[in-house]
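Data block below; observations after.
Read-outs throughout are calculated quantities, based only on the coordinates presented, and are distinct from any laboratory measurement. Because the structure is a prediction, the values reported are computed rather than measured. Every residue, glycine as well, gets a Cβ built from its backbone with ideal geometry; the counts of neighbours run over all protein chains shown.
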Amino acid sequence: MEGLKYRTNVGLNFRMNNSGSYTGEGVFSPTPDNMSRAAISNSLTTQWVIENLLTYDRTFADKHKINLIGMFSAEENSFNRSVVSATDIARDEFRFYNLGQTTEPIVVDPAQQLYEKSGLRSYMARAMYSYDDRYMLTATIRRDGSSRLADGKKWHTYPALSAGWNITNESFLENNKSINLLKLRVGYGETSNQAVNPYATLGRLGLRPYNFGDQNAMGYYVQELPGPDLGWEYSQTRNYGLDFAFFNNRLSGTAEYYVTKTTDLLMRIGLPPTSGASGYIANAGNSMNKGIEFSLNGVILDNPDGLSWELGVNIYSNKNELTGLASGQDRDEGNWWFVGQPINVIYDYQKEGLWQEGDPYLDILEPGGNPGMIKVKYTGEYNEDGTPVRQIGPDDRQVIKMDPDFQGGFNTRFSYKGFDLGIVGSFQSGGVLISTLHSANGYLNLLSGRRGNVDVDYWTPENTDAKYPKPGGLTSGDNPKYGTTMGYFDASYMKVRTITLGYNFEQAFIKDLGLDRFRLYATVTNPLVLFSPFHKETGMDPETNSYGNENAAVTETYKPRLLTIGTNTPATKSFLVGFNLTF
């Protein structure tokens, strides 16, 4: 049948890992006769996907184009790992190859054993119609089923509809040579998200050793509660766009505006210790995102025999808002969720500086406090004589927005004869950056010892314009009171991500070598931070490298969803030199 096609796409990832480790007697131990130990680990990962697509593609009367697609797909992911260890291996030569050569019990660590399996099944139908390459219409419907979600909530069906108008091909622009592309787009669609770990509906048990008489025993406890009603998170998006190109395509770009409403957000809800469990995964609430995106690309100079220069820039801004919580409440202070505020916020005191000698109301706001301690914002009422009615307390915590006002990137390319130079960068304006190195429990604020650390600008009576509080004042554990506020920085920055310099040898030179193309190039990544308050103060790269629960010292301070700069691998500067040959 003319225009009818069938295609099957099949993919497979299959990975096996076998590893072993051995540590000799007394190694990595202050006790010389500490027993040797060995372990073996085996894991198997399989990921397969199959897609069946039936396509009907035809053009009628040279102007009517129809494209119909039907799809059925299935995928499955599985992972299985086991770890076995032993101590007091008879001889070093055995290493980890014969764990049976020990007089001690062989240990199977339950925490290291892992098995998980999940699958996804999908159906999709799409119809596209175009008339005279001027008017375009697309309609799609999709249905997905996920094994990760609860019974009765595994399947979700969602549609999409979009339309386009290619104004360039209208008769009233037929003789306009300056406009190469002018196209309006509008669309509405839904998408779904099943991003939870397998078996999240079942909860999770943890193991804990304990004493049972004169014996050591192992017991189970509830680590995470089950989510028997866990369902799809889905979003509804309206999008409006404009594509344009002028002056023989030397100036081109796009402009977008979108509004996305997300229902049944999949999030982890933390619970107080008195509940007996750390938390659970649930459809926690609803949110709304809206934003604009703008990109512009231009060919400023175009001389194939001389200097050419291309320049591009993109700017985007996104505002998100939590519009509802599943509990029906407006505030969930334990999880830092507040209706009407962005999802990613900090709920903490707001630092205003350090207390100085002679500052009024120190004894009222901070009983027992001292000059040189951190001063935070007071939000309470005042008496008739102007004195605060109470001391600083939990009611003075602020909702601090983390998201930037706008972000973007830029790229430029110069070429002159065989040489070319490319630069790619990014920028961000506003927002709050969390540095766990500077926050409470960070390496700069611990008061029990300096630990060979960097020089810190502490407050003293002779150094009252300092950034860090006076040691020995009011503390919270091993940290100054309100120490978390020391970790908040202006997140604005502009940096160069990559610089690439290359040279293409002329054909006359490489022809005798039997080559069609010969190019030398050198690339440097993260070479330069042009602007950043955080970089200026610390010398560190201003881009985040971890989540709030990935730095051991501060796992209880920040929510896992918040991006931070911590002790994880920082952005690195690298240099690369290479060549491309084409025979």
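Given the condition within 20 Å of residue 481 (Cβ to Cβ), out of contact with any helix residue (DSSP H, G or I) (no Cβ under 7 Å at 6 or more places or on another chain) and acidic (Asp, Glu), answer yes or no: does some residue in segment 373-382 qualify? No, the conditions are met nowhere in segment 373-382. Of the residues making up segment 498-523, those that are more than 29 Å from residue 427 (Cα to Cα), aromatic (Phe, Trp, Tyr) and surrounded by 14 or more Cβ atoms within 10 Å (Cβ to Cβ) are 505, 518.
Is it true that residue 281 is outside any strand (DSSP E or B), crowded, with 16+ Cβ neighbours inside 10 Å and touching a residue at least 24 places away in the same chain (Cβ under 8 Å)? Criteria not met by residue 281. For segment 498-525, a residue qualifies if it is among the β-branched types (Val, Ile, Thr) and closer than 11 Å to residue 582 by Cβ, and exactly one does: 510. Scanning segment 201-209 finds no residues that are touching a residue at least 60 places away in the same chain (Cβ under 8 Å), more than 26 Å from residue 108 (Cα to Cα), of a type outside the set (Asp, Glu) and in a loop (DSSP other than H, G, I, E, B). Just one of the numbered conditions (1) crowded, with 17+ Cβ neighbours inside 10 Å; (2) out of contact with any His (no Cβ under 7 Å at 6 or more places or on another chain); (3) not basic (Lys, Arg) is not true of residue 487: (2). If you check residue 31 against the conditions, is it in contact with a strand residue (DSSP E or B) (Cβ under 9 Å, 6 or more places away or on another chain) and polar (S, T, N, Q)? No: the conditions fail for residue 31. Might you let me know whether segment 118-128 holds any residue that is more than 27 Å from residue 44 (Cα to Cα), part of a strand (DSSP E or B) and polar (S, T, N, Q)? Looking for residues that are more than 27 Å from residue 44 (Cα to Cα), part of a strand (DSSP E or B) and polar (S, T, N, Q), one finds none in segment 118-128, hence no. Please identify the pairs in which a residue from segment 392-413 that is farther than 28 Å from residue 318 by Cβ has its Cβ atom under 7 Å from the Cβ atom of a residue that is polar (S, T, N, Q), counting only partners at least 6 apart or on another chain. Close Cβ pairs (under 7 Å, with a partner that is polar (S, T, N, Q)) amount to 395/379; 396/379.
Of all the criteria given as (1) under 26 Å from the mean Cα position of the chain (by Cα); (2) surrounded by 15 or more Cβ atoms within 10 Å (Cβ to Cβ); (3) at negative phi, the one not satisfied by residue 153 is (1).
Looking at (1) over 29 Å from residue 138 (Cα atoms); (2) assigned to a loop (DSSP other than H, G, I, E, B), can you tell me which one residue 62 breaks? Residue 62 satisfies all of (1) over 29 Å from residue 138 (Cα atoms); (2) assigned to a loop (DSSP other than H, G, I, E, B) except (1). Take the conditions part of a strand (DSSP E or B), surrounded by fewer than 16 Cβ atoms within 10 Å (Cβ to Cβ) and among the β-branched types (Val, Ile, Thr) and apply them to residue 260. Does it pass? Spelling it out, it is not the case that residue 260 is part of a strand (DSSP E or B), surrounded by fewer than 16 Cβ atoms within 10 Å (Cβ to Cβ) and among the β-branched types (Val, Ile, Thr).
Does residue 292 meet the test of being closer than 30 Å to residue 254 by Cα and part of a loop (DSSP other than H, G, I, E, B)?
Numbers: closer than 30 Å to residue 254 by Cα: yes; part of a loop (DSSP other than H, G, I, E, B): no.
Judged against the criteria, residue 292 is not a match.
Within segment 23-54, restricting attention to residues that are part of a strand (DSSP E or B) and touching a helix residue (DSSP H, G or I) at 6+ places or on another chain (Cβ under 8 Å), the residue that is surrounded by the fewest Cβ atoms within 10 Å (Cβ to Cβ) is 41.
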